[in-house]
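These notes concern the structure reproduced below.
Values in this text are rule-based calculations from the coordinates and carry no lab data. Only a predicted model underlies this, so the values are computations on that prediction, with no experimental measurement involved. With ideal geometry, Cβ positions are generated from the backbone for all residues, glycine too; neighbour counts draw on all protein chains shown.
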Amino acid sequence: MLEKVARKETKGPRGARIFLLLLLFCAGARAAAPADLNAAHALYDKGDYAGARAGYEALVQSGPWSANLFYNLGNAAYRQGEKGSAFLAYERALALEPGHPEAAANLRFLREETGAKLPAVTWVDRALEHPAGNTAAWLAAAAFWGLCFSLAPLVWKRRAAAGPALVCVLALGWSGAALWWQNSQGALWIVTADTATARTEPADNATATAKLPVGSRVRLLLERGAWVNVRLPDASKGWIARDAADPVRLARR
Amino acid sequence: MKPVFLASLRLCVGFLLVLGLLGMPGAADAASASATLSGSTAAVGETLELKITVDGADKITAPAVRAEGLDIRPSGTSSQIRMDNFNMTRSVTHTYTVTPLKEGTFAIPALQIAAGGQTITTQPLRLTVSGKAGAGSVGGGAATASKETFASAEWVLPKTSAYVGEAIPVELRLYVDARVQCQTQMPSIAGDGFTVQKLGQPQQRRVAKDGREWELVIFKTALTPAKSGKLALPSADINAVVVLPSKRQRLPDVDDFFNDPFGAFPQRQQVVIRPDPVEMEVKPLPVDGRPKEFSGAVGQFTLETKAAPENVRVGDPVTLTCVVKGVGNFDRMESPVVAGTTGWHLYPPSGKFKADDDAGISGEKTFEQALIPEAPQTEAPPVTFVFFNPSSGRYETLHGKRLALAVSGTAAPSPAAPVPAAVASGAAPAATPAPAVRDIQYLRIDPGAHVAGFDPVWRASGFWTSQSVPLAALLALSGWQWRRNRQNDGLLRRAARLRQAKEEAARVLRRADAKPDDFYGAAIRVLQLETALGRLPVGGDPAAVDAEAVLASRSLDCETAEGVRRLFAAHDELRYAGVGAGTGAAVYPDQRERVLQILAEFEKSHA
């Protein structure tokens, strides 16, 4: 996606962008991150959304990452009219920080605007979508250690803390189930093209089964060349062009 | 406060209230009089009812009523008090029976009545008398009974000439004889050439018309001509259920009461009441002088404009509000035109109408429109509103006042400002509330918490390392403790066995009849077991402990140590002296005492 973004024509003042990029390369990305971030903010405030976006993307390239960084990148992309990129950036912000309020609000706003399709939420989804991601992992770890310390008195004092142990077992079971369920859903991809056509086969002349507006969520099942097999929001399966969607998880360079 | 005082206070307030209600209206209202006849036509010998009602007076003498060809006799007097918005009105009604004596048209003259120091006059009445009574009928244009119309309807228009698109307030009036029970439904209005506003709740009151009392029901609405020419007003059918007296022949030589057509047994009947057709001359809107901004508003209007917020940055939305007030066809009105939009990005407006009349043609319509400045601005774009004024017959243009704004920032490179979904769809109906201008949330300027990446933490080796190291430590600690527990358990079990054996030996020592070999054997065993307990966790057979080992385990004084040695020697003598040694009589008491003293000293000593 970043490569795709980099190919897009930027419209901000050339001098400001060059200055920003020089600043990034000269100062070293990690050390200068706050200053670069402020420079990107300043460009955004001046209405130079292309320059701001280039600044945010440079920070994404160099790291460190944060939910706020992707959120701001989404705002700049949105101001440029790049709704697909904005969707992706907001989703990434939420992936890094599931409770990010502004990213969630902007996603809702964009979904209302584009009619992006989301999978239907069942009671299982509601029960196991929280705690999300790393929170579930840390909760599982905490529950495990709580269970260890609840059972340790068995060795020393020949007596266990039954109540805390039971609580820890329940927490461990819940968070473990949430982790398993979240991991079994397949990687989350976002439709970044204006419309993605889902087909029965990985071919342009195959029967189209669904039209997915930009921002729709799909789950990756299989990759095959220029096509990806995904689970569509209506729980059916279909093939969409690989360049019509992007994964939310961004691999560290 | 005390209950007695409260009761007195309530009594005083009630008394003053009653006094005020009774005394208030009498002085305020002027007296008036009216005369009504139960019918305008009758047959010879048929009895009618004449009522003379004086409002605003309470003691009125029944005036004498005389008319040629009519036999008029007083039949009773009634008084009435009516409250209307705390305005109390008294009225006195004198009732007369009127019996025509011959055919012809007769007039009941105006009557002069003295009331409250003034003289008031009733209106004259006219009665047409025919030769014989006719049969009643219920029909289309109006409903009748006993030759009299008991219900009728009519259109009431302020004018009979209008322009296309001009909203004309009209009233559909339904008159129902006050003596007839009538349940009406809402009129069904249908016709070409007009659009009809929704009928409001009808108003009802009692009126006098043509010398009779009627229940008047008024339905208000507004008609808007859709085309020019001579157009007939839409038909309006009013379905009603009336309760009519049964038709019967007039009985001669019978009291008039029994011949009253409204005194007979009732008969329920469904009727349709329809007003007479009315035509209207509809003129087209003039083409000459029609501004290009004209969008169809016809009436008389005023325009108010405002813009908020007044201090924004480029790209931030500004809400332009235009309020059009007046009387006219608000349902066809479109938003005022925003001119000079260079540097602005406009979104479709939405409108909301608030009526202040029943017909829905008077009120104010508020238009809200989102504007996005694409460059620094100092004022909002100008607004104009063009409408046709039917009173003057000309098009008029209203200009909104200048709205100062402070738009800061630099010009945006592209008009990519957010489009609110409801506005962008362009489907915002004119009657729906204007949605608030929405936008994405602003930047998060703080760097936020840094994260390593998108992979879940449980996939990172560091996560498992950080968990496994303390887990290994915990497991090792637990294993060590478990092993230690096991060892402790073995020692405890061995110590328990030694203590049990020592207790058994002690029991032998306490027996008075114990044989010498048993006694000395038990004493030696106590020493050996006590020494073995003190040497734990070192194992070994307690029976192998000899005198030197016993002495080495404790710090004993010389006398006790010597006693221990002699005790072991005595035991050895008894063990190895041959058959019969030590199995004879019991141990001498002094020896017994001496052995027990040595054992006591041994147990008191420290290791």
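The table below lists the values:
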{"quantity": "Relative contact order for region B:295-424, counting Cα pairs under 8 Å that sit 6 or more residues apart, in percent", "calculated": "32"}
{"quantity": "Paramagnetic label zone (point 7 Å from Cα along Cα-to-C-beta, residue B:572; backbone N under 17 Å) in region B:530-559", "calculated": "B:543-552"}
{"quantity": "Only Lys, Arg (+1) and Asp, Glu (-1) charged, at Cβ; region B:24-130 dipole about Cα centre in debye", "calculated": "120"}
{"quantity": "FRET efficiency for residue A:222 and residue B:489, using Cβ-Cβ distance with R0 set to 45 Å, rounded to 0.05", "calculated": "0.15"}
{"quantity": "Net dipole in debye of region B:295-424 [+1 Lys, Arg Cβ; -1 Asp, Glu Cβ; about Cα centre; nearest 20]", "calculated": "160"}
{"quantity": "At R0 = 51 Å, FRET efficiency that the Cβ-Cβ distance of residue B:468 and residue A:108 yields, to 0.05", "calculated": "0.80"}
{"quantity": "Number of partner chain Cβ atoms within 10 Å, mean per residue of A:126-136", "calculated": "2"}
{"quantity": "Spin-label model distance (nm) - residue A:159 vs residue B:159, 7 Å beyond Cα toward Cβ", "calculated": "10.1"}
{"quantity": "Spacing of the two label points (7 Å from each Cα toward its C-beta) at residue B:555 and residue B:397, in nm", "calculated": "12.5"}
{"quantity": "Relative contact order %, region A:123-184, counting alpha carbon pairs below 8 Å whose residues are six or more apart", "calculated": "47"}
{"quantity": "Residue B:475 paired with residue A:138, simple spin-label distance in nm, labels 7 Å along Cα-to-beta-carbon", "calculated": "2.6"}
{"quantity": "Percent RCO, i.e. relative contact order, over chain A, from Cα pairs under 8 Å lying at least 6 residues apart", "calculated": "15"}
{"quantity": "Amide H partners (placed H, <5 Å) of residue B:71, local residues excluded", "calculated": "B:99, B:101"}
{"quantity": "Cβ-derived FRET efficiency at R0 51 Å, residue B:295 paired with residue B:269, nearest 0.05", "calculated": "0.50"}
{"quantity": "For region B:488-538, size of Cβ-based charge dipole, Lys and Arg +1, Asp and Glu -1, in debye", "calculated": "140"}
{"quantity": "Gain on full stretching of the segment that runs from residue B:198 to residue B:507 - 0.36 nm per residue minus C-alpha separation", "calculated": "99.6 nm"}
